[in-house]
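The values are calculated or read from the model by the stated rules, or taken from the named source; none is laboratory data. None of the values given here were measured: they were computed from a predicted structure. Cβ coordinates were reconstructed from backbone atoms using ideal geometry, including for glycine residues, and neighbour counts include every protein chain displayed. The accessibility values were calculated without ligands, DNA or RNA, using every heavy atom of the protein model including side chains. Shrake-Rupley method; radii C 1.70, N 1.55, O 1.52, S 1.80 Å.
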Amino acid sequence: MAAVGGKPRLAVSPSARRPAVLAAGLFMIGIALHDVAPHRPVVWIILLIAFLAAALFAFRAAFVCAVLIALATLVSGIALAQSSAFFYPRNHVSAFAGDEPRLAMVEMKLIQPPRVITTPPGAHRPLPPKQVTTGRITRIKTWHGWTDAGGDVLVQILVPHPRLTVGQTIRALGMLQRPAPAMNPGQFDWAAYYREQRILASMQIPDIGNIALLGPPDPSPLDVLRERTRRLLAMGFSEDRSLDHALLRALLLGDRDPELRDVTEQFKRTGTSHHLAISGMHVAVLGGFVLLVCRLFRLSPRASVVVMTGFVILYGAVALPSPPVIRSVLLCIAFAFGLATRRSVDALQLLAVSVVAMLIYHPQDLFNAGFQLSFGTVLALVIFTGPFVSFLRNELKDEDAEALAKLQRPQWAAAWWRWQERAALRVVAASIVAWVASMPLVALHFEQLNTWAVAGGIILAPFVFIALLGGLFKVVLTLLWPALAGWWATMAAAPIGWMRGIVEWLTVLPGSAIPLPAPPVWMVFAFYVLLLIAMTPCSLPTLTWGKRCMPVTACAALLLAPFHTEIARLRPSRDELRVTLLHVGAGQCAVVEPPSGRTVLLDAGSTSLFDLVPKCLGPYLRHRGRTNVDTILVSHANYDHFSAVADVAAAYDVREVLVGSQFRRHARDNPQAEAMLAALDRLERPPRGVSPGDVIPLGRETSIHVLWPPANADVDANNASVVFLLRHGPRSVLFTGDIQDDAMRALLRTPELLRADILVAPHHGSAERLSGDFVAAVNPSAVISSNDRTLSQKQVRFERMIGDAASYRTHRSGAVTVTLHAGGAMRIEPYLSPASSSSSLASNRIPAQKTTW
């Protein structure tokens, strides 16, 4: 208790001053515990009612009432999260879907604008365009006729339908299935992501004729507004400036276009991807501009705030709904209400209220990387920016005063100098705080560290401001003068071009994206605890210096600890060789990590993935902490084995590319192979041929022994595949490419050279006449096949030819890792456990079914 003006004043605890902060914390803890708590949502709801009733009866006992309300808040988080994660109606569309595609006829209403996806520019093998959208199921046809159903479904239409619009009800015939889980380490898990969005099924429609339009579209007014805004923004952009239009649409409206894959990857590498997502900064820039215009037109402050609030609400409605958008709009409305009513506004309270409101609507957002980065960064800016600015100002105060004294500037110039100094300090402080606060979450979710994020964010900020205003003017001016849409598009595209140039320059700087193994969750939690301890008041000088060092200590611990724990585990030991056959669909790509520390790729191709490097191989290499690839060995001149070789050579500073002695002969009539050779020549990495008898050393006890094909062999491209034995100590792995009977017949003349512990199956595990004899000659303990999701009849027959050997196929096991020890031990680890490969809803991040010899 303290006395002010002779009257006693009760001390108020921080939790009493900011009750919403404590409530938000307890609510989030409850959501976080929902999976480990007993899965009984009804029981938790009963407990919630009981706690609230007890708190009502104990209203006069303040402490008891507070404890009961806290428990009720915690339990409400558990109940709500479990209801969202585990409760689905019996007629949900997922009940009719399986892991394998099933033919289904459904009726649905399109709830997202259909988008046409095309192959990004520069792709070596352009794929036909397809149309994607999201539909809300209303009925599904079963053996007993049409049945009412519900739930949202992803829709892919292989031939785009020109008349589909949002709000349209359609009847469609296609293949229904559950989204597939991540199949490789480090790869983004789309099944888990869509599950958080309560989307448990996808449908592929092969042709326009499989779609029947049921009546005219019935879009909501909000859908019409969004569609009209995007049409105004697109008017005037020609095809050669489609990338600028896609980037401007992402910046202004939050839309994501497949054309932005390469640009988005550049923003991610430089740690500036937050500029592409609508955040509080975007809303503040546009809202502040509208407020400035209102004041220039001499509107009253209260009227200006009302107009600005209306604009922010309209902007939030037009942009795609996302955590940053909703959070920014809610905060802006709350601040505007405080300003209009002349009430005090507490940023932490408002942020906590917006967090609770969003999590009540969608509890699973708590586990979303975008939600965590958005709210975590804003929370850090609110708490730490002011103290950090004061600290920097105190450190620079004396030098600044001396500089001003020497310059002897007039008073107005000194005031201008101080304003510039305050603005610069605030920008620098906010950038550093945002980088430090987001660093552990970026490492946790994306396994990388962006060293140039602070500088890049500061440099890009003014161009982002100009581009945002340019996009806003483009929509308004096109609405007023549509005939001049081309001029408005040219002006709006200029700052977008500047942004792209700056990001391209940042990507070539050394250390723009350093692979960083994901730290454990407890370390991320300890990191933020140390930062918060630094904010607690303390009068002892020794402890004060300790508090100042805590943020630096937290950053150092976060950066160094994974290198001592995870990297030590991820890197091969001095006698351990890792061979990982990735799941790439129809194709093959194996990553070899010998004890010497080199990285070798054995093939790098797929006809299922046109973006193999960013979607599959790149995430795996980053997960393993690999920044360079030393050698690529291409087995033969089939596109599904070399499609990504040129991209890997350009992105990972490949030292050498090896091919078989027949490769260039078969590449002459193959446009894709010729393009790859030309790209490697431009990179000054012309392939070097290898022949039988060649030995390629990879370390002291690791080497590649080439067995096939000879230079004079008259065989086709498949039979010209390089066959080689990867040896490590007494163990070996035989790679066979796509060889068929001709090559097998020649190799079986020397069966003693074929003996191996692991066989990477010929031609993706397909049966030929001599396959049984060939497998018997190799006599492997296990056979691994890289194949697409659907097996051919020849692949099914091959399964019966391998005898007692264990069989692993990437379509059901995901990536398969073979670990060989120089002492003779051997271990095989499929990425997916049997449970997760048979059910896409099961957890699949922990490798299971390890086989050890």
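Here are some notes:
- Being in contact (Cβ under 8 Å) with a residue 12 or more places away in the chain and open to solvent by less than 50 Å² (accessible area, probe 1.4 Å) is not true of ALA192.
- THR490 satisfies every condition listed in (1) over 30 Å from TRP522 (Cα atoms); (2) polar (S, T, N, Q); (3) at pLDDT below 80 except (3).
- Unique match (being within 16 Å of ALA20 (Cα to Cα), surrounded by fewer than 17 Cβ atoms within 10 Å (Cβ to Cβ) and at pLDDT 80 or above) among LEU379, LEU348: LEU348
- Any hit, the stretch 167-182, residues being under 28 Å from the mean Cα position of the chain (by Cα), under 24 Å from SER273 (Cα atoms), at pLDDT below 85 and not β-branched (Val, Ile, Thr): no
- Considering the stretch 702-713, and only residues there that are more than 22 Å from VAL775 (Cα to Cα) and outside any strand (DSSP E or B), the residue that is least open to solvent (accessible area, probe 1.4 Å) turns out to be ALA713.
- Counted residues, the stretch 687-701 - those being buried (at least 17 other Cβ atoms within 10 Å of the Cβ) and touching a residue at least 40 places away in the same chain (Cβ under 8 Å): 6
- Test: residue in the stretch 26-42 that is open to solvent by 30 Å² or more (accessible area, probe 1.4 Å), more than 28 Å from the chain's Cα centre (by Cα) and free of Cβ contacts under 8 Å to residues at least 24 places away in the same chain: yes
- All of VAL648, VAL591 fail the test of being buried (at least 21 other Cβ atoms within 10 Å of the Cβ) and modelled with pLDDT under 95, apart from VAL648.
- Filter pass, GLU684 being out of contact with any helix residue (DSSP H, G or I) (no Cβ under 9 Å at 6 or more places or on another chain), open to solvent by 20 Å² or more (accessible area, probe 1.4 Å) and closer than 19 Å to THR599 by Cα: no
- Count of the stretch 76-113 residues which are part of a strand (DSSP E or B) and under 29 Å from SER220 (Cα atoms): 8
For (1) surrounded by fewer than 21 Cβ atoms within 10 Å (Cβ to Cβ); (2) modelled with pLDDT under 80; (3) out of contact with any Phe, Trp or Tyr (no Cβ under 8 Å at 6 or more places or on another chain), each residue gets a yes or a no:
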residue	(1), (2), (3)
ALA414	yes, yes, yes
ALA424	yes, yes, yes
VAL454	yes, yes, no
LEU469	yes, no, no
LEU477	yes, no, no
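- Criterion violated by TYR620 - all others in (1) touching a Lys or Arg at 6+ places or on another chain (Cβ under 9 Å); (2) over 21 Å from GLY737 (Cα atoms); (3) part of a loop (DSSP other than H, G, I, E, B) satisfied: (3)
- In the stretch 88-114, the residues that are closer than 21 Å to ASP788 by Cβ form Cβ pairs under 8 Å with partners that are part of a loop (DSSP other than H, G, I, E, B), at six or more places apart or across chains, as follows: ALA97/ARG178; GLY98/ARG178; ASP99/ARG178; ASP99/ALA180; ASP99/SER839; ASP99/SER840.
A quick yes/no check of all residues on (1) in contact with an Asp or Glu (Cβ under 8 Å, 6 or more places away or on another chain); (2) closer than 25 Å to PRO179 by Cβ; (3) open to solvent by less than 10 Å² (accessible area, probe 1.4 Å):
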position	(1), (2), (3)
VAL775	no, no, yes
ASN779	no, no, no
ASP788	no, yes, no
GLN793	no, no, no
ARG797	no, no, no
ARG800	no, no, no
ASP804	no, no, no
ARG809	no, yes, yes
GLY814	no, yes, yes
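- Residue tally, condition assigned to a strand (DSSP E or B) and either farther than 14 Å from VAL155 by Cβ or open to solvent by less than 40 Å² (accessible area, probe 1.4 Å) (or both), over the stretch 175-189: 2
- Among the residues of the stretch 351-376, those identified as polar (S, T, N, Q), at pLDDT 80 or above and part of a helix (DSSP H, G or I) are SER354, GLN364, GLN372.
- Set side by side, the residues MET439, MET499 differ, and just one is in contact (Cβ under 8 Å) with a residue 40 or more places away in the chain, touching a strand residue (DSSP E or B) at 6+ places or on another chain (Cβ under 9 Å) and open to solvent by less than 20 Å² (accessible area, probe 1.4 Å), which is MET439.
- Here SER721 qualifies as buried (at least 24 other Cβ atoms within 10 Å of the Cβ), closer than 29 Å to PHE774 by Cβ and of a type outside the set (D, E, K, R).
- Test for THR553: is it farther than 15 Å from ARG624 by Cβ, modelled with pLDDT under 85, open to solvent by less than 40 Å² (accessible area, probe 1.4 Å) and among the β-branched types (Val, Ile, Thr): no
- Residue match in the stretch 623-631 (condition: assigned to a helix (DSSP H, G or I) and at pLDDT below 90): yes
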